[in-house]
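S.K.: First the structure, then my questions, so here it is.
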Amino acid sequence: MRDVSLWRCLLGVEKTVIEAVEFDEDAEVLIASVRPTKRQRGRCGVCRRRSPGYDAGAGRRRWRALDLGMVAAVLEADAPRVSCREHGVVVAAVPWARHDAGHTYAFDETVAWLATQSSKSTVTELMRIAWRTVGSVITRVWDEIEAQHDRFAGLRRIGIDEISYKKGHKYLMVVVDHDTRRLVWAAPGRSSATVGEFFDLLGEERCAQITHVSADGADFIDAIVAKRCPAAVRVADPFPVVRWATHALDEVRRQAWTDARPRARHEPTRARGRPPADAPPRLGGRLRTGGTGARASAGAGGDRGRTASSRSSGTPDLGPAISISIPGSSISPRPSFPRPPGCPYRLGGSVNSTTTTWPAFASPVAPLGISTSWP
């Protein structure tokens with residue numbers, strides 16, 4: 001391999017003539033003097049169309065290349081201007097860098113990849129650039145990729161959600177493709193207008209091809225999805241379903257204790273210590289109300305809330321156990337979670353699948369259809 005070919009590989013350039021390579025000991029920088037090949041000269045920096053020359057420009061300029069070990073490397077070349085019939089007077093294109101960029105293709109692509117794989121400090125320290133420069137590099141690389149690829153092609157099942165960033169209430173609305181498991185769109189904001197921007201980019205034809213949309217049950221998302229994708233099945237994430245069920249169970253628990261306390265106050269006081277095994281159950285220990293769909297048992301507290309079965313078996317009663325059954329969901333009946341510290345009751349309920357199909361996003365409690373009965 002000739003020296004020129006070796007330097008071309010080390011610097012990561014193509015269609016480039018390497019005139020000379022020297023090392024600046026004072027600045028500790030490797031400087032490679034280069035020029036485009038004959039076929040790459042005299043082209044517009046924006047559209048790459050051949051254009052007549054205009055002037056010599058501002059003279060020679062430099063482009064940052066990938067470091068060679070611990071040594072920084074730059075490319076140095078003339079930067080003449082051409083007169084494009086579409087874009088006017090612009091700097092001529094070079095085959096090793098994008099238009100208006102101060103870094104080579106290899107440098108930009110390496111920075112963009114590191115930004116997706118590592119932390120902010122790692123990128124800036126390894127590449128020896130500022131974080132603001134990283135943002136500019138990502139913008140250039142993404143604009144080129146988006147012009148070559150259609151990221152909305154083949155969208156069928158999507159997920160919409162928001163994430164917070166920085167301090168305060170600052171949000172990003174994101175859309176993912178469930179089939180390919182990749183991010184397809186993101187924009188700052190948390191409103192129906194932000195979600196509408198995505199569907200505007202998608203277009204009516206592609207909106208009609210969406211079959212499933214998952215979200216967290218937010219009303220502003222549901223309203224836009226129902227309007228722009230009326231045929232799509234709307235799917236609720238597991239978290240809001242569990243949250244709705246927990247709120248509903250908490251209301252049932254509070255009502256149960258409210259109903260049990262008055263009856264417990266009128267019961268005769270027992271002697272201290274463990275009651276005998278054949279002691280009759282207390283009147284306020286069990287309560288029955290009409291309805292179906294959820295079952296719970298509640299005690300008045302302490303030994304007074306213990307059932308006869310728990311006294312006979314010697315197993316401590318942790319308090320009321322509440323379970324819930326939701327039509328159309330995958331919440332199993334009467335599993336129990338351990339009682340949290342300081343919590344006088346235990347809850348039943350678990351989600352057995354990653355998502356729970358829901359006909360529409362509505363109020364947290366109304367669609368659950370909860371009713372209670374006490375054994």
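The values are calculated or read from the model by the stated rules, or taken from the named source; none is laboratory data. Every value quoted in this text rests on a predicted model; they were computed, and no experiment measured them. Glycine also receives a Cβ, built like all others from the backbone with ideal geometry; neighbour counts cover every protein chain displayed.
S.K.: Does at least one position in the stretch 91-103 carry a residue that is part of a strand (DSSP E or B), under 42 Å from the mean Cα position of the chain (by Cα) and farther than 23 Å from residue 124 by Cβ?
M.R.: yes
S.K.: I've got another one for you. Among helices (runs of 4 or more DSSP H) lying entirely in the stretch 187-238, which contain 3 or more residues that are touching a strand residue (DSSP E or B) at 6+ places or on another chain (Cβ under 8 Å)?
M.R.: Ranges flagged: 192-202, 219-228.
S.K.: Also, quick follow-up: Taking into account only those residues within the stretch 7-61 that are loosely packed, with under 14 Cβ neighbours inside 10 Å and among the hydrophobic types (A, V, I, L, M, F, W, C), which is nearest to residue 85 (Cα to Cα)?
M.R.: Filtering first and then ranking leaves 56.
S.K.: Filter the stretch 104-123 down to the residues that are crowded, with 17+ Cβ neighbours inside 10 Å and of a type in the set (S, T, N, Q), then identify the one that is farthest from residue 61 (Cα to Cα).
M.R.: 110
S.K.: Collect the residues in the stretch 3-25 that are within 22 Å of residue 39 (Cα to Cα) and among the charged types (D, E, K, R), keeping them in residue-number order.
M.R.: Residues satisfying the conditions are 8, 14, 15, 19.
S.K.: Here are 172, 126, 155, 75: which of them is in a helix (DSSP H, G or I) and either modelled with pLDDT under 95 or surrounded by 19 or more Cβ atoms within 10 Å (Cβ to Cβ) (or both)?
M.R.: Only one candidate qualifies: 126.
S.K.: Filter the stretch 263-278 down to residues that are part of a loop (DSSP other than H, G, I, E, B) and in contact (Cβ under 8 Å) with a residue 24 or more places away in the chain and give me whichever is surrounded by the most Cβ atoms within 10 Å (Cβ to Cβ).
M.R.: Checked the stretch 263-278; the qualifying residue surrounded by the most Cβ atoms within 10 Å (Cβ to Cβ) is 275.
S.K.: Could you list, in sequence order, the residues of the stretch 186-222 that are under 21 Å from residue 168 (Cα atoms), of a type in the set (Gly, Ala, Ser) and in contact (Cβ under 8 Å) with a residue 12 or more places away in the chain?
M.R.: Answer for the stretch 186-222, where residues must be under 21 Å from residue 168 (Cα atoms), of a type in the set (Gly, Ala, Ser) and in contact (Cβ under 8 Å) with a residue 12 or more places away in the chain: 186, 187, 189, 191, 192, 218.
S.K.: Let me ask another. Which numbered condition in (1) within 25 Å of the chain's Cα centre (by Cα); (2) buried (at least 18 other Cβ atoms within 10 Å of the Cβ); (3) touching a residue at least 24 places away in the same chain (Cβ under 8 Å) is the only one that residue 249 fails?
M.R.: (1)
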